[in-house]
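Heads up: the structure comes next, in structure tokens.
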Amino acid sequence: MGAALSGLLLSAALAGLLLGPWLADMLRAGLARENYRGRPVAFPAGAPVVACSLVALAPLAVLDDRADLDLLDPELRRWIVYVIGVALLGLLDDALGRGAAADTPRGWRGHARAVLGGGFSTGAIKAAGALALAAYAVSGRGREGLDYVGDLALLLLATNLFNLLDLRPGRVEKAFALLLAGLCLGAWTAEPLELLGLFVGPALVVAAFTLRERAMLGDTGSNLIGALAGISLLVTLGETGRWVALALVAALTVYGEFRSISRTIERVPPLRWIDSLGRVR
């Protein structure tokens, strides 16, 4: 297991060393956006998070192949396309979207209205691109009919749900950490960490900066973490578990489209406590 978790350990160590200086440099260079309290923070922090994973991948990929050390899960070849692809789509939205402008399309309904009205919507591009990447990622796994559709929907909706959650510092990272803990302990497996550890390490380390309001994930980071969450559900859960997860994720997605998730969390004391844990007061 030590070799299998090398991606997690190396990428987390690199993130601990590199994220602080990189985020500070982004802020100095003007790569910033105001957060929900009007405070300027480095943005999008998801970009250096992905960079840390790729820096770690370089030696691991060479050693895994040339030295035959079994440092990377072979299935990573399938999923890495989706993870990096949706992060890139998020970066497109962060770079070309209109930020918090009043007329910015919000949610699937807003993006659909923008496209039908002849407008430009980076969110619509992101949705179409994510569908293409997800269809590629889940193909060839022996899933047929409704099972294939269910896997595709679970991956896409989980990615989108974490994007909807990204409204407060550290919320996405906490939700992901809780999900990982539940999956690994519930199934008594480290498979999600062994498969995706290369990306999981930096995705959790960045919480030290988002919680202290030094950085904001942006769609780059929330898409990345949402992709990791969706893949973790697919590779860990059994047949029934995947359908239950799809129902829950779909229900939360619909709720998030019509109601404020942040207000709901504020009204439920246990959720409010978890959500505020570690955050700057």
How many residues does the range 219-244 hold that are more than 14 Å from Pro192 (Cβ to Cβ) and hydroxyl-bearing (Ser, Thr, Tyr)? 3
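Condition check ((1) under 19 Å from the mean Cα position of the chain (by Cα); (2) closer than 24 Å to Ile80 by Cβ; (3) among the charged types (D, E, K, R)) across all residues:
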residue: Pro192; (1), (2), (3): yes, yes, no
residue: Leu196; (1), (2), (3): yes, yes, no
residue: Val244; (1), (2), (3): no, no, no
residue: Arg263; (1), (2), (3): no, no, yes
residue: Leu271; (1), (2), (3): no, no, no
residue: Asp275; (1), (2), (3): yes, no, yes
Taking Leu252, is it of a type outside the set (Phe, Trp, Tyr), in contact (Cβ under 8 Å) with a residue 12 or more places away in the chain, buried (at least 19 other Cβ atoms within 10 Å of the Cβ) and under 30 Å from Leu146 (Cα atoms)? no
Looking only at the range 131-142, which residues are modelled with pLDDT under 95 and either touching a Gly at 6+ places or on another chain (Cβ under 8 Å) or of a type in the set (S, T, N, Q) (or both)? Ser139
Top-ranked residue of the range 173-192 - restricted to ones that are over 24 Å from Met216 (Cα atoms) and of a type in the set (A, V, I, L, M, F, W, C), ranked as surrounded by the fewest Cβ atoms within 10 Å (Cβ to Cβ): Trp188
Which condition does Pro270 not pass, out of (1) under 30 Å from Glu34 (Cβ atoms); (2) touching a helix residue (DSSP H, G or I) at 6+ places or on another chain (Cβ under 6 Å); (3) not hydrophobic (A, V, I, L, M, F, W, C), if it passes all the others? (2)
Filter result (in a helix (DSSP H, G or I) and either under 13 Å from Leu217 (Cβ atoms) or at pLDDT below 95 (or both)) within the range 29-58: Gly46, Ala47, Pro48, Val49, Val50
In the range 268-281, anything farther than 30 Å from Trp188 by Cα and either surrounded by fewer than 10 Cβ atoms within 10 Å (Cβ to Cβ) or among the polar types (S, T, N, Q) (or both) is listed as Arg281
Taking the range 77-97 as the region of interest, how many residues are under 17 Å from Ile125 (Cβ atoms) and not small (Gly, Ala, Ser)? 10
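Quick check on Val254: is it at pLDDT below 95, outside any helix (DSSP H, G or I) and of a type outside the set (Lys, Arg)? Break it down stepwise before answering.
Values: at pLDDT below 95: yes; outside any helix (DSSP H, G or I): no; of a type outside the set (Lys, Arg): yes.
The answer is no for Val254.
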In the range 232-244, what residues are surrounded by fewer than 22 Cβ atoms within 10 Å (Cβ to Cβ), among the small types (Gly, Ala, Ser) and in a helix (DSSP H, G or I)? Gly241
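The values are calculated or read from the model by the stated rules, or taken from the named source; none is laboratory data. For clarity, every value in this text was computed on a predicted model and none was experimentally measured. Don't worry about glycine lacking a Cβ; one is built from the backbone with ideal geometry, like all the others, and counts go over all protein chains shown.
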